[in-house]
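Below is one structure; the comments refer to it alone.
The values are calculated or read from the model by the stated rules, or taken from the named source; none is laboratory data. Since the model is a prediction, treat every value here as computed from it, not as a measurement. Positions of Cβ are backbone-derived with ideal geometry, glycine not excepted, and every protein chain shown enters the neighbour counts.
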Amino acid sequence: MAEIEQAFDEYLLAEPKHWLVGRFGEHIDSVVNEERSAELPSDVVEMPRLESSFFRDSVGATADTLWYLPEFDLFDEDPDFAFAAEQNGDVAEDGGPFNRAVLTVAVDTVVPEHLHATEAEFTLHQVPDLDPGVSLIVPITGSGGVVTDVPVAGTTDSSGETGFVATFELTGSLVEAAYVHLTRRGRLRLEFTPTYSGYQTTLVTEPDTGFPIHGSIFRGFQFEVFGDGGNTPGSPFEPLLFNRIGGYVFFPSTARFHRTLPLGLNFSTDTYRSRFTITAEGMTRPIIDVDDLNNFARRRSEYRELTTLGDVSTKYPSVRRIFFGQVSGTVIAVPAAYGILVTSQGALASCDSIVDESPATVSGCRFHFTFTVAPMADPIDMARLRADVTGIPEAVGRTLRVALPGGLDSRTPATLDGFPAGRAAFADGDGTAITVGVDIVDDRPTPATTTVNLFLQQLAVTGSPPLFGSIAVRLDDVFPQPVRTSLLLNLRNTAHSDDLATTRQPGSPPSAKAVNQGPLDLKLVRCADVREGEVPGPVVPLGGLVLAARQTTTLAGVGAGTEVAVSRGLEVAAPLPKAAMLKFLAFRTHTVQEVQHPLTVNAAGLNFAAEGVSTIKVDITLVANPGDSAPSFTLSPSHTVDFVHVSLPVDSAVTGLDSTVLLTLTTTSGSRTVSVAHDFVDKPILVVTSSTIH
């Protein structure tokens with residue numbers, strides 16, 4: 001090392017400069033131009049000279065190049081952000097968990113805004129060999145109320161053309177403090193002490209004996225440095241040799257500057273909440289709140305019941321309970337009930353008849369019903385809920401998303417309590433839908449066709465639906481209690497999706513067009529204008545307006561919002577004729593076209609002697625098949641009940657088994673006949689009494 005380099009290093013140690021870290025190369029002698037100004041030789045590595053420029057945050061401007069000190073900024077969307085906490089079982093002084101965490105943040109380097117105006121005059125270059133030199137500052141308030149800024153040194157890795165990723169390792173109470181600042185207080189900041197490379201312009205003199213000395217001498221050299229690394233703007237320094245004793249040299253040096261970047265609450269949004277995680281006992285999950293760090297972590301649901309909306313069932317009658325996902329920002333509305341889903345394809349309900357090879361079978365077949373059920377959530381209720389959640393405390397600084405449950409909670413079995421004769425099974429469907437399967441088989445002495453007919457009657461019953469059940473819906477895999485709601489299998493209590501379309505119509509007053517896109521008649525109950533973030537209104541009663549299949553109607557009083565919500569149900573006749581059930585239920589025969597069905601006549605309640613009847617001959621003719629007669633049989637005082645099996649079309653379970661029963665009575669005065677109309681599916685046993693034969 002030359003004597004002058006050693007002297008310059010000693011000079012910087014004795015008289016440190018705030019912008020200079022130190023020298024990293026041997027000095028370069030200046031060359032003199034025509035104006036007697038000292039310049040760098042043309043063959044040196046291109047770096048800025050650490051002298052003031054006209055502009056703040058810039059150094060070493062030449063005729064067409066301006067070197068600038070960058071600002072640091074966060075990305076609009078940070079794909080690298082993570083706050084990964086870990087508990088490995090260590091215990092802190094207070095008896096709680098000793099936390100460790102790694103915070104990762106992506107940072108971009110940008111041109112200072114006030115230099116953008118210089119781009120027409122100069123080509124802007126970021127200073128070379130930039131090393132961000134970043135620390136995380138964590139403010140912590142002590143027991144005496146004094147706030148202390150605790151620095152945590154970070155490491156950086158380049159990312160992209162201009163950015164880098166900063167990583168910080170936190171331990172103990174710094175983990176909880178950083179989490180609270182990132183999610184609630186917003187007082188974390190990044191402190192940068194970046195370094196870069198440049199030439200330090202220096203006037204070097206070697207005073208002789210008798211030379212007037214002003215300042216310190218190092219190994220016989222005196223140094224005067226110029227500029228401050230661009231921290232202060234000013235006229236560019238011109239190293240002229242006029243009236244100067246000594247010469248100018250350039251020391252390749254490492255310089256530094258300072259920047260501060262507040263993190264604020266940039267990461268306290270739904271985009272990043274799932275990236276705050278905690279790992280304990282081999283399990284990694286999102287951090288729900290600071291309690292996960294204050295206590296030893298365990299499996300925990302992000303959901304809690306939302307109570308800030310008040311009385312849910314009064315404000316939203318079709319909703320039973322509401323839950324809030326603290327990480328995802330999802331508000332799940334649990335409906336008061338699930339019902340058969342009606343779409344543009346019709347009601348999603350079907351019945352399949354299948355051969356039953358069981359030796360105990362009576363009819364020779366079994367029936368499998370399949371229903372797709374979905375939340376019966378009134379669209380106007382849901383629109384009001386979406387508007388209301390924007391004003392609750394949990395929505396501050398967040399965008400909450402209202403949703404319906406996504407399926408079944410497999411930990412809690414679903415039931416179909418209202419029909420014990422059928423065996424029910426449940427499975428998740430698409431989206432919010434659930435698939436319900438019901439199997440009906442012979443149950444001696446009752447054939448499957450009889451039970452199916454009862455089931456179908458109950459599907460269309462008015463009043464309280466007898467086909468009811470209970471299902472538990474899924475919030476997530478760890479919510480501790482079952483979240484139950486009702487299941488109703490009834491054509492008068494249905495869920496709806498794309499069966500109805502509405503469009504706003506121009507004109508004054510506004511109106512809307514409603515189109516029934518499905519094959520079933522709809523009953524329109526009420527409608528309302530919906531606007532983003534506003535309570536739906538006005539709400540217009542429609543009085544059960546019937547909109548026939550594939551037809552259109554005009555809805556007056558609405559149409560001024562962004563969309564129109566319509567509450568509706570199916571139009572179902574009361575009572576519903578058996579044959580009309582086929583409009584609502586897809587009936588499919590597979591491996592069986594006919595079934596065996598018993599036709600039973602019971603005269604046990606008839607007093608044969610009092611009526612003067614010795615025998616009753618029974619002849620049964622099926623109305624749907626007048627050419628088909630069942631074998632005759634005879635009843636008597638000693639044989640009051642009998643039946644006969646007939647082979648029937650399988651769809652008779654839906655359409656009924658209307659029959660003409662001819663009773664030939666043998667009496668003391670001769671014989672006479674009585675004709676009785678009877679449906680052996682609706683009422684499997686014809687009961688003969690005194691009123692029957694008179």
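From the list Pro239, Pro233, Pro194, Pro207, exactly one residue is at pLDDT below 95 and buried (at least 19 other Cβ atoms within 10 Å of the Cβ). Which is it?
Being at pLDDT below 95 and buried (at least 19 other Cβ atoms within 10 Å of the Cβ) holds for just one of Pro239, Pro233, Pro194, Pro207, which is Pro239.
Among (1) closer than 30 Å to Ala38 by Cβ; (2) at pLDDT 90 or above; (3) surrounded by 15 or more Cβ atoms within 10 Å (Cβ to Cβ), where does Thr183 come up short?
(1)
I'd like to check which helices (runs of 4 or more DSSP H) are fully inside region 247-345 and have at least 2 residues that are in contact with a Pro (Cβ under 9 Å, 6 or more places away or on another chain).
Qualifying helices (runs of 4 or more DSSP H): 291-294.
For residues that are modelled with pLDDT of 95 or more and assigned to a loop (DSSP other than H, G, I, E, B), scanning just region 539-557, find the one that is farthest from Ile340 (Cα to Cα).
Gln551
When the residues of region 1-43 are filtered to those that are surrounded by 12 or more Cβ atoms within 10 Å (Cβ to Cβ) and within 59 Å of the chain's Cα centre (by Cα), which remaining residue is farthest from Ser216 (Cα to Cα)?
Gly25
Within region 503-528, can you find the residues that are within 24 Å of Ala336 (Cβ to Cβ) and not basic (Lys, Arg)?
Passing the criteria: Gly518, Leu520, Leu522, Leu524, Val525, Cys527, Ala528.
Restricting the first residue to region 138-151 and requiring it to be among the polar types (S, T, N, Q), which pairs with a second residue that is surrounded by 11 or more Cβ atoms within 10 Å (Cβ to Cβ) meet a Cβ separation below 6 Å and a spacing of at least six or different chains?
As it stands, the answer is Thr148/Ile140, since those pairs meet every condition given.
Quick check on region 510-532. Is at least one of its residues β-branched (Val, Ile, Thr) and touching a Cys at 6+ places or on another chain (Cβ under 9 Å)?
No, because not a single residue in region 510-532 is β-branched (Val, Ile, Thr) and touching a Cys at 6+ places or on another chain (Cβ under 9 Å).
Among the residues of region 342-383, how many are polar (S, T, N, Q) and at pLDDT below 95?
Result for region 342-383: 5.
Could you grab me the full set of residues in region 372-414 that are surrounded by fewer than 16 Cβ atoms within 10 Å (Cβ to Cβ) and free of Cβ contacts under 8 Å to residues at least 60 places away in the same chain?
Gly391, Val396, Pro413
So which pairs qualify, if the first residue must be in region 632-648 and within 14 Å of Gly605 (Cα to Cα), the second must be among the polar types (S, T, N, Q) and at pLDDT 90 or above, the Cβ gap must be under 8 Å, and the two must be at least 6 apart or on different chains?
The qualifying pairs are Leu635/Thr615; Ser636/Ser614; Ser636/Thr615; Pro637/Ser614; Thr640/Asn602; Val641/Asn602; Asp642/Thr634.
Just give me the residues in region 377-390 being farther than 14 Å from Gly406 by Cα and hydrophobic (A, V, I, L, M, F, W, C), in sequence order.
Ile380, Met382, Ala383, Leu385, Ala387, Val389, listed by residue number.
Hey, could you check region 639-667 for residues that are part of a loop (DSSP other than H, G, I, E, B) and closer than 15 Å to His597 by Cβ and say which is modelled with the highest pLDDT?
Going through the qualifying residues, I end up with Leu657.
For region 668-687, give me the residue count where each residue is modelled with pLDDT under 90 and of a type in the set (Ser, Thr, Tyr).
Result for region 668-687: 2.
Rundown of residues vs (1) of a type in the set (A, V, I, L, M); (2) touching an Asp or Glu at 6+ places or on another chain (Cβ under 7 Å); (3) over 12 Å from Gly198 (Cα atoms), yes/no style:
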position: Val45; (1), (2), (3): yes, no, no
position: Arg49; (1), (2), (3): no, no, no
position: Ser53; (1), (2), (3): no, no, yes
position: Val59; (1), (2), (3): yes, yes, no
position: Thr62; (1), (2), (3): no, no, yes
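Can we say Phe633 is touching a strand residue (DSSP E or B) at 6+ places or on another chain (Cβ under 6 Å), aromatic (Phe, Trp, Tyr) and at pLDDT 90 or above?
yes
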